[in-house]
Amino acid sequence: MRAALPTVPSLHSEWIKIRSLRGTLGGLIAVLAATAGIQALTAAAIGQAEEGSMGSDPLFAAYYGISFGQIAAMVFGAGAVSSEFHNGALRTSLAAVPNRTRFYLSKIATVGVLALLTGQVTGLATFVAGQAFMGQYALELGDPGTYRAVVGSGLYLTLMALFAAGLTAVLRSGTVVLSLLIPFVLLVSFVVGEAAGGAAQFLPDRAGQLVVHSRMEGDLGPWTGLGVMALWAGAAVLGGWLAVRRRDA
Amino acid sequence: MNSIEIRELTKAYGSHRAVDGLTFDVLPGRVTGFLGPNGAGKSTTMRLLLGLDRATSGTATIGGRRYLDLPDPLHRVGALLDAQSAHGGRTARDHLLFLAAAGRMPVRRVDEVLEQTGIASVARRRIKSFSLGMRQRLGIAAALLGDPGVLLLDEPTNGLDPEGIIWIRELMRGLAAEGRSVLVSSHLMSETSAFADHLVVLGKGKLLADTSMAEFIDARSTRRVRLRTSDPIRLRVALAREGFELAAADDGRWTVEGIRAEQLGNLAAREGIPVLELSDERASLEQAYLDLTADHAQFTATH
């Protein structure tokens with residue numbers, strides 16, 4: 001408990017850092033806006049055209065917007081960490097909180113909690129807003145897998161933000177991380193995933209998105225898939241911690 | 001409590017030693033000028049002191065404790081490292097607010113230091129719109145936030161206008177007079193001599209001098225008197241009797257090496273020689289400082 005007490009001011013400090021930058025605060029809002037907004041717009045446009053018009057898996061179709069929301073989550077996670085590498089901002093931060101583990105974990109915890117809260121709101125809002133436009137094809141909360149998808153989609157977005165945050169601490173640049181991750185989730189994972197069956201299912205986004213699928217094709221279930229994603233995010237966060245601890249500021 | 005102790009401090013980057021076996025103390029109650037040419041290791045020493053960089057060997061402590069081990073670092077040490085050490089996208093007030101939060105300080109402190117450093121009127125502007133002088137004031141505001149007993153200021157006059165330079169000079173002297181330790185780096189001797197009581201001079205990472213300002217001046221400047229007289233012939237004879245030599249200066253005045261004005265004045269009075277003007281002439285501090293650092297450069301070059 002004594003060790004935890006000095007962490008409260010540093011958590012408070014991290015929250016002020018996030019809310020005082022347009023980029024990070026905007027990224028957080030964009031998670032909700034992109035996921036639920038694109039879901040609702042797409043559903044309104046083509047949702048009632050025919051059965052399965054948004055994809056053969058109706059649950060995954062209800063989270064079509066997550067492909068866009070995850071990019072906002074990455075922008076938020078990467079931005080929260082990369083702002084420390086802007087000029088010499090890190091030196092000021094570490095002078096205020098010299099214990100690097102405390103500094104880093106406070107930042108990761110703040111990113112995680114904010115992403116989780118936003119993610120949970122997004123998960124529910126996306127389902128409700130999207131299904132409102134699906135007419136006769138709409139799913140209802142309580143249908144098989146729907147609660148899991150609502151909660152799981154929020155967790156997925158949280159893990160994506162943490163994955164990007166950890167990687168940014170390792171590579172010390174949000175631009176580098178985003179220019180690696182965005183093409184990866186939009187193209188590489190998609191193409192590789194369609195082509196190869198085996199290892200590709202363990203890629204972070206493909207494994208994690210199983211939580212919003214109703215049909216499983218590979219070896220992973222919805223929660224084990226999310227678990228694999230959590231391992232990726234955990235590894236990135238751990239790598240970031242080692243980098244922040246070791247390097248000169 | 002408020003002293004800084006540097007002991008055998010070394011920071012090596014590969015085979016290059018940015019800081020090389022430094023040992024000195026910074027004591028409270030006075031302004032210590034931290035001098036050296038660019039690249040002498042001043043900023044590195046300050047970063048090592050704050051635990052931002054890791055020392056290869058040796059220690060740097062504040063009141064006997066490493067910065068990392070201080071329970072309330074912002075209340076003990078205030079640092080201005082670099083005017084650019086702030087994210088340009090934040091407002092000045094938000095920058096200070098997150099620091100205040102980390103140090104458990106009331107929001108009132110933020111407004112106080114904004115007033116004290118004269119940037120209250122631009123507090124809600126983004127830092128990227130600030131001039132170098134305004135950033136420098138913000139950095140000083142951040143250093144003062146926790147009302148610390150130790151201040152580390154790296155080139156604080158950078159970018160300040162003449163009015164700002166006088167302000168920071170008086171601020172530093174005031175802080176030292178309140179019993180704080182103030183370490184101020186600069187690469188300009190002329191500037192440092194205006195506010196420092198004590199000097200620590202570095203060259204290529206090594207300690208060249210650790211002395212009071214007065215001792216530095218006495219030891220490093222040759223004694224010389226400059227005068228005007230209506231009777232140089234008698235004065236020359238009188239001086240020669242005492243072992244001094246009168247030499248003509250280019251502007252119709254005369255100079256005497258190795259003597260003080262007081263001594264020469266007495267001698268002239270005794271002899272009844274009219275002296276129209278008389279003053280001690282100190283070799284310029286800047287010159288003494290350049291000689292010191294140049295000596296060192298020569299020493300390392302022949303090494």
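Structure above, values below:
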{"read-out": "Unsatisfied cross-links (Cα-Cα over 31 Å) in the set A:Lys107/B:Lys128; B:Lys128/B:Lys204; A:Lys17/B:Lys206", "value": "B:Lys128/B:Lys204; A:Lys17/B:Lys206"}
{"read-out": "Charge dipole (debye, nearest 20) of region A:50-124; +1 at Cβ of Lys and Arg, -1 at Cβ of Asp and Glu", "value": "740"}
{"read-out": "Rel. contact order, % - alpha carbon contacts under 8 angstrom, at least six apart, chain A", "value": "24"}
{"read-out": "Computed label-point distance, nm, for sites A:Leu231 and B:Asp111 using a 7 Å Cα→Cβ extension", "value": "5.4"}
{"read-out": "Per-residue Cβ neighbour rank within 10 angstrom, fewest leading, A:Lys17, B:Lys204", "value": "B:Lys204, A:Lys17"}
{"read-out": "Chain A: angle of helix A:146-171 to the longest principal axis, Cα-based, in degrees nearest 10", "value": "40"}
{"read-out": "A:Ala132-A:Trp15 FRET efficiency (beta carbon distance; Förster radius 30 Å; 0.05 resolution)", "value": "0.35"}
{"read-out": "Among B:Ala40, B:Ala249, B:Ala219: highest mean-square fluctuation, GNM of chain B, C-alpha pairs under 10 Å", "value": "B:Ala249"}
{"read-out": "Folded to 0 to 90 degrees: helix A:7-19 orientation relative to chain A principal axis, Cα", "value": "60"}
{"read-out": "Computed E for B:Leu276/B:Thr222 - FRET, C-beta separation, R0 22 angstrom, nearest 0.05", "value": "0.40"}
{"read-out": "Net lengthening on full extension, A:Ala199/A:Ser173 (0.36 nm per residue, minus Cα-Cα)", "value": "6.5 nm"}
{"read-out": "Long-range amide H partners of B:Gly29 with built H, under 5 Å", "value": "B:Gly179, B:Arg180, B:Ser181, B:Val182"}
{"read-out": "Helical mean residue ellipticity (222 nm; -39500 (n - 2.57) per DSSP H run of 4+; nearest 500) of chain A", "value": "-23000 deg cm²/dmol"}
{"read-out": "FRET efficiency for B:Glu215 and B:Ser121, using Cβ-Cβ distance with R0 set to 60 Å, rounded to 0.05", "value": "0.85"}
{"read-out": "Order of A:Met216, A:Met229, B:Met134 under a 10 Å beta carbon neighbour criterion, fewest first", "value": "A:Met216, B:Met134, A:Met229"}
{"read-out": "Projected label distance in nm at B:Asp72 and A:Arg22, using a 7 Å step from Cα toward the beta-carbon", "value": "3.8"}
{"read-out": "Max mean-square fluctuation residue, GNM over chain A, Cα-Cα springs under 10 Å, options A:Phe85, A:Phe76, A:Phe163", "value": "A:Phe85"}
{"read-out": "GNM top mover of B:Val110, B:Val150, B:Val182 - chain B, alpha-carbon springs below 10 Å", "value": "B:Val110"}
{"read-out": "Crossing angle, helix A:22-46 versus chain A [Cα axis fit, 0-90 degrees, rounded to tens]", "value": "0"}
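Where a number appears in this text, it was derived from the coordinates with a stated rule and is not lab data. All values reported here derive from a predicted model rather than from experimental measurement. Counting neighbours? That spans all protein chains shown, and the Cβs are built from the backbone with ideal geometry, glycine included.
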